[in-house]
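Readers should treat all values here as calculations from the given coordinates under stated rules, not as data from a laboratory. None of these values were measured; they are calculated from a predicted model. Here Cβ is always computed from backbone atoms with ideal geometry, including for glycine, and neighbour counts include all displayed protein chains.
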Amino acid sequence: MSQSHKEPIDCPHCHARGEFELWDSVNVDLDPELRDKIFNDELFLWQCPNCRNEVFIPFGSLYHDMKNKFMLFFSFEEPERGKYDPLEIPQPLGLEDGYTIRSVYGLINFKEKIAILENGLNDVVIERMKYIISHISYPEISEKRYDLRFGGLNAKEEDSMHESIVFFYLDEEKEEKMILTLPMDNYYEHKLAVKLDPRFNVERGVCVDQEWIANQMKKSAP
């Protein structure tokens, strides 16, 4: 079940006192509306009952998706150290085999990680694809320090037998959203590479992002 508690808050505009509901954990199978409130930022917005101004209040939470079998320990801020250390997670969580458990930092990364795992994709594979695309296939992406993001899956077209996978980034010079569409065969090739390479074995609760992938790529290949 989802759990929340209320904290007192003073409005920074009119200084009226109110309460804000912070969600310690979110179970989107039992409370699916909370998932939408994350994606439209409503979960982190408080409206002053006096002046009606809205205030954005960042807080961390545990996100649980039982249907898609993943659990995310989310925080807005990265820790000063140990970002890529595995979490000490108590064993009696009662989770089924095959659960993906990650730490995630930053709201954009949080939303992207949810989208990846909701689509039944391996997030290590997706991050490896993003690394190869932005450093080898299209090196200008990394050279200009653009963020390559997962954009979803395209359904099969009438003249195609396969789905495709979409990535995007914002070209700040052109002020244009650039779309990259790749066949799903590309995803499965990366998935096989990840399966065969022990550098990409992930311990429970580790943060898997581009920096983690870069660190693993720097290690000697087996």
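Normalised by the number of residues in the chain, the average gap of Cα pairs under 8 Å and 6 or more apart makes the relative contact order 16 percent. Diffusion of the range 134-222 by Stokes-Einstein, at 25 °C in a medium of 0.890 mPa s and with Rh set to the Kirkwood radius over alpha-carbon pairs, works out to 162 µm²/s. When the pairs Lys83/Lys144; Lys6/Lys191; Lys37/Lys83; Lys37/Lys219 are compared against a 32 Å limit on Cα-Cα distance, Lys6/Lys191; Lys37/Lys219 fall above it.
For semi-axes √(5λ) of the Cα gyration tensor in Å, computed directly from the structure shown, the correct entry in (i) 33, 22, 18; (ii) 32, 19, 13; (iii) 43, 20, 15 is (i). Working from Cα pairs under 8 Å separated by at least six residues, relative contact order for the range 103-222 is 26 percent.
A simple spin-label model places the labels of Cys51 and Ile132 5.3 nm from each other, with each point 7 Å out along Cα-to-Cβ. In terms of packing, defined here as the mean over residues of other Cβ atoms within 10 angstrom, the peptides 135-145, 71-81, 55-65, 110-120 line up highest first as 110-120, 55-65, 71-81, 135-145.
Any chance you could run the full-extension gain for Asp31 through Ser75? It's 0.36 nm times the residue separation minus the Cα-Cα distance, nm to one decimal.
So the extension gain works out to 13.8 nm.
Using Cβ point charges alone (K and R +1, D and E -1), the dipole size of the chain about the Cα centre works out to roughly 560 debye.
Can you find, among Asn27, Ser2, Phe74, the residue sitting farthest towards the positive end of the charge dipole of the chain, where Lys and Arg contribute +1 and Asp and Glu -1 at Cβ? Toward the positive end, the furthest listed residue is Phe74.
In the chain, what percentage of the DSSP-assigned beta bridges are antiparallel, given to the nearest 5? The antiparallel proportion sits near 75 percent. Extent along the principal axes, Cα only, for the range 1-72: 44, 20, 16 Å, with the longest axis given first.
Based on the alpha carbons, how large is the Rg to Rh ratio for the range 1-131 when Rh follows Kirkwood? Spell out each step's value before the answer.
Values: Rg = 16.5 Å, Rh = 16.3 Å.
With Rg and the Kirkwood Rh in hand, the quotient comes to 1.01.
Using helices alone, I'd like the mean residue ellipticity at 222 nm for the chain: each DSSP H run of four-plus residues gives -39500 (n - 2.57), total over residue count, nearest 500. Intermediate results must be reported in sequence, preceding the final value.
Values: 6 runs with 57 residues, N = 222.
Calculated at 222 nm, the ellipticity per residue is -7500 deg cm²/dmol.
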